[in-house]
Amino acid sequence: MKVTVRLPGALRELAGGARALEVEVAEPATIRALLGVVGSGWPAIERRIRDETGVLRPHVNVFVGDANVRDLGGQDASLADGDEVHVIPAVSGG
């Protein structure tokens, strides 16, 4: 199945300037499987999304459509063919 990963500006440089990655993920597809495929093709991008133990970094939000994956079961969240996954850096400051 094909899933589109939308990248923020900070990660586009690591994808040759691409705004999005079209990724083939085997079924049953999950965020974990998707990030594994991303890590195979673009390891620097995956390292910015997950830490060395494979956990989503706290300063990065991952959405399937308009739902945060942390509210959908984390990396075990299911994906459907044609889904758009958005990687969004957290904004903080004061």
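List of remarks:
- Applying the condition of being open to solvent by 40 Å² or more (accessible area, probe 1.4 Å) and of a type outside the set (Gly, Ala, Ser) to region 62-81 and asking which residue is nearest to Glu13 (Cα to Cα) yields Phe63.
- Selection within region 14-51 - open to solvent by 50 Å² or more (accessible area, probe 1.4 Å), closer than 17 Å to Val69 by Cβ and either under 10 Å from the mean Cα position of the chain (by Cα) or without any contact (Cβ under 8 Å) to a residue 40 or more places away in the chain (or both): Arg32, Val37, Arg48
- Candidate set from region 82-94 (those that are assigned to a loop (DSSP other than H, G, I, E, B) and open to solvent by less than 70 Å² (accessible area, probe 1.4 Å)); member that is modelled with the lowest pLDDT: Ala90
The values are calculated or read from the model by the stated rules, or taken from the named source; none is laboratory data. Note that the coordinates shown come from a computational prediction; the quantities given were computed from them, not determined experimentally. Every residue, glycine as well, gets a Cβ built from its backbone with ideal geometry; the counts of neighbours run over all protein chains shown. What goes into the accessible areas is simple: the full protein's heavy atoms, side chains included, and nothing from ligands, DNA or RNA. Shrake-Rupley method; radii C 1.70, N 1.55, O 1.52, S 1.80 Å.
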